[in-house]
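Novice: Please find one structure pasted underneath; my questions will follow.
The values are calculated or read from the model by the stated rules, or taken from the named source; none is laboratory data. Everything numeric in this text was worked out from a predicted model, so none of it was measured. Positions of Cβ are backbone-derived with ideal geometry, glycine not excepted, and every protein chain shown enters the neighbour counts.
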Amino acid sequence: MWLVPDRIRVLVIEDHALTRAGLVTALDVDPSFEVVGEAADGPAGYDLAKELAPDVAVIDIGLPGEDGIALTRRIRRDLIKTRVVILTMHDLEDEVIAALAAGADAYCLKTSRTERVLEAVRIAAEGGAYFDPQVAHVVLRELGRPATPVKAAASPLTPRETQVLQLIADGNSNAEIADRLAIGLGTVKGHIRDILEKLAVADRTQAAVEAFRRGLI
């Protein structure tokens, strides 16, 4: 089980000063996060990550000195407990696949709402994976879909769990799922916990992939 700290310690590595300041401010006003450091390029970001060992590193993909993909690879190699959220202006398929291969736990577009980025950080800290709805289809295709899905009647999930799983696959955060289904956030987390157990997977992205493979959604 992934242990989540009372406050999630976040390192922000982003070369654009205004974007970095906006993200740091958004994280600072949320009591569940603590920004432990900032960096404007890849080498400085790596040095800070080694020094601070944050719970989550938020990394811009287009960093000077060392790009975000290479930096992600180094951080995941040397700091196995640090999770990584990739930020980018683009939804390019090659970038998404490269981020996956490097070990990124979440991938967000800078055009996404701030709340979505914060949710990605939170999910990554919880040991899960998150991909912006605009790139989720690339992730699912890369990880594979079944040639012949099983019948829906074989599903181990309840109708409500299937609804939740479909919303996960569409890229919705826990809070968005709660709002869409008019249920509490704790109830959503309970459904997700049951889904992961029934599908024998470790996180949300794996659950969506497994559901596609088995024809459950």
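Novice: Go through Ile61, Ile8 for me and flag whichever is within 21 Å of Thr111 (Cα to Cα) and not polar (S, T, N, Q).
Specialist: None of the other options fit; the residue is Ile61.
Novice: Return yes or no: is Ile123 within 14 Å of the chain's Cα centre (by Cα) and either of a type in the set (Val, Ile, Thr) or assigned to a helix (DSSP H, G or I) (or both)? Break it down stepwise before answering.
Specialist: On the way: within 14 Å of the chain's Cα centre (by Cα): yes; either of a type in the set (Val, Ile, Thr) or assigned to a helix (DSSP H, G or I) (or both): yes.
Considered against the rule, which asks whether it is within 14 Å of the chain's Cα centre (by Cα) and either of a type in the set (Val, Ile, Thr) or assigned to a helix (DSSP H, G or I) (or both), Ile123 comes out as yes.
Novice: So, one more: Output the residue which, of all residues in region 8-38 that are assigned to a loop (DSSP other than H, G, I, E, B) and without any contact (Cβ under 8 Å) to a residue 60 or more places away in the chain, is surrounded by the most Cβ atoms within 10 Å (Cβ to Cβ).
Specialist: Asp15
Novice: State whether one or more residues within region 136-152 are modelled with pLDDT of 70 or more and loosely packed, with under 15 Cβ neighbours inside 10 Å.
Specialist: no
Novice: Something else about it: Give me the residue from region 27-52 that is at pLDDT 95 or above and of a type in the set (Gly, Ala, Ser) and, out of that set, nearest to Asp203 (Cα to Cα).
Specialist: Ala49
Novice: Being part of a helix (DSSP H, G or I) and within 20 Å of Arg83 (Cα to Cα) is the filter here, so list the residues in region 197-206 that pass it.
Specialist: Of all residues in region 197-206, those part of a helix (DSSP H, G or I) come to 197-199, 204-206.
Matches in region 197-206: Arg204, Thr205, Gln206.
Novice: Any idea which of Ile195, Ile177 is at pLDDT 85 or above, in the same structural domain as Arg160 (by TED's automatic domain parsing), within 17 Å of the chain's Cα centre (by Cα) and buried (at least 20 other Cβ atoms within 10 Å of the Cβ)?
Specialist: Of Ile195, Ile177, the one residue that is at pLDDT 85 or above, in the same structural domain as Arg160 (by TED's automatic domain parsing), within 17 Å of the chain's Cα centre (by Cα) and buried (at least 20 other Cβ atoms within 10 Å of the Cβ) is Ile177.
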